[in-house]
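The values are calculated or read from the model by the stated rules, or taken from the named source; none is laboratory data. Keep in mind the model is a prediction, meaning the values are calculated, not measured. Using ideal geometry, Cβ is built from the backbone for each residue, glycine included, and neighbour counts are taken over all protein chains shown.
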């Protein structure tokens, strides 16, 4: 409707401009490429369920209208039978049962994945956006995500005292020492972590395990991975993009290469491969130190080391560079050279496209020059050939962007 109104306005404007040379680029003016960053509310889960059930409910409404004007008993009997069958469908068909479970519990999980359901909401609520628009959705998610990379000190299991501390009144966690479907779970978990982790830093990640009593009156153990956004502990998030026709889940994988308990597994997979396959590029035989190989990834600090210190570890090309600029250019060249293999080792089975969308992997990593010169590198890789059980996926560099230096 916005586009129609705008074009009509142009027609009116033409009446007043007469023979003036007025020839705007309408396609450019009307393009509506937007970026949203949004946290789903309880009402949004209900909206998703309503949208899924809408075709059946609409059919029921049509039959009820027909029932009012039915002329024979046979017609009435037939129409009532159709209404009964459709109502049974809503309560017995798995797709509608799952939709009801989502709205009753207000979360997604490993079996009811957000990527399959959030597009319903976007295609209904944001229909007038154009190709290239993006939507970053934060939502409540349970029993899904990699917990192994999270240090033991960042994993919490609620005890009786923890539930009680969140309130013992009706429909509060302390009432039955559990969280249930009638409670705002994220509110309570946010409250808990704010007390437990009072000095949290932005992007800190924690796992909280607890007992959950769901809408089907079944008690089960659940866990949630929560991230601190600087003010609150929030749930999972994912990005969706508009392809010009509809909203779809964006399959891009974003990997912050940060220090975790022990050494970063993505970086170590690459370093260990270099050590095993091209030992001439691994300068410290038999040990790991901070800058130990040709490509400059650090085993200990989850960084790209871009300092002159590397000249002491057998790197002839770095030693030969006579200026800081030349060294920095060589550091960047080495990382760009490494990334197709780095990505392949860590994501050997990705497919080049997901639901018709190109598969990308985006890495972020610190570039360390000195204590007063630290940057952030964002590297975007494109999967050009899908991986199989016998042949790993193939990747190419799309972009290398360094900021903060």
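Residue 115: closer than 30 Å to residue 216 by Cα, part of a loop (DSSP other than H, G, I, E, B) and within 21 Å of the chain's Cα centre (by Cα), yes or no?
no
If you go through the range 217-253 and pick out every residue that is farther than 24 Å from residue 120 by Cα, assigned to a loop (DSSP other than H, G, I, E, B) and either touching a residue at least 60 places away in the same chain (Cβ under 8 Å) or over 17 Å from the mean Cα position of the chain (by Cα) (or both), you end up with 5.
Picking from 230, 238, which residue would you name as being exposed (fewer than 14 other Cβ atoms within 10 Å of the Cβ) and either within 23 Å of residue 103 (Cβ to Cβ) or assigned by TED's automatic domain parsing to the domain that holds residue 171 (or both)? Of the residues listed, the single one that is exposed (fewer than 14 other Cβ atoms within 10 Å of the Cβ) and either within 23 Å of residue 103 (Cβ to Cβ) or assigned by TED's automatic domain parsing to the domain that holds residue 171 (or both) is 230. With respect to the stated conditions, residue 149 fails to be at pLDDT below 95, crowded, with 19+ Cβ neighbours inside 10 Å, more than 13 Å from the chain's Cα centre (by Cα) and at negative phi. Could you list, in sequence order, all residues of the range 266-284 that are in contact with a helix residue (DSSP H, G or I) (Cβ under 8 Å, 6 or more places away or on another chain) and at pLDDT 85 or above? Hits for the range 266-284 are 266, 269, 270, 273, 274.
Among the residues of the range 96-118, is there at least one that is farther than 30 Å from residue 234 by Cα and loosely packed, with under 15 Cβ neighbours inside 10 Å? Spell out how you get there, then give the answer.
If we filter the range 96-118 for residues that are farther than 30 Å from residue 234 by Cα, which is where we start, we get none.
Checked against the condition, which is being farther than 30 Å from residue 234 by Cα and loosely packed, with under 15 Cβ neighbours inside 10 Å, the range 96-118 yields no hits at all.
If you filter the range 347-401 down to residues that are surrounded by fewer than 18 Cβ atoms within 10 Å (Cβ to Cβ) and in contact with a helix residue (DSSP H, G or I) (Cβ under 8 Å, 6 or more places away or on another chain), you find that the one that is nearest to residue 332 (Cα to Cα) is 400. Just one of the listed residues (128, 199) is in a loop (DSSP other than H, G, I, E, B), in contact with a helix residue (DSSP H, G or I) (Cβ under 8 Å, 6 or more places away or on another chain) and surrounded by fewer than 16 Cβ atoms within 10 Å (Cβ to Cβ), and it is 128. All conditions in (1) modelled with pLDDT under 95; (2) within 30 Å of residue 181 (Cβ to Cβ) hold for residue 35, with the sole exception of (2). Only strands (runs of 3 or more DSSP E) whose full extent lies in the range 349-405 are considered here, and the ones with at least 3 residues that are touching a residue at least 60 places away in the same chain (Cβ under 8 Å) are 360-370, 394-403. Restricting the search to the range 37-64, which residues are buried (at least 16 other Cβ atoms within 10 Å of the Cβ) and within 23 Å of the chain's Cα centre (by Cα)? Residues satisfying the conditions are 38, 39, 40, 44, 45, 47, 48, 49, 51, 52.
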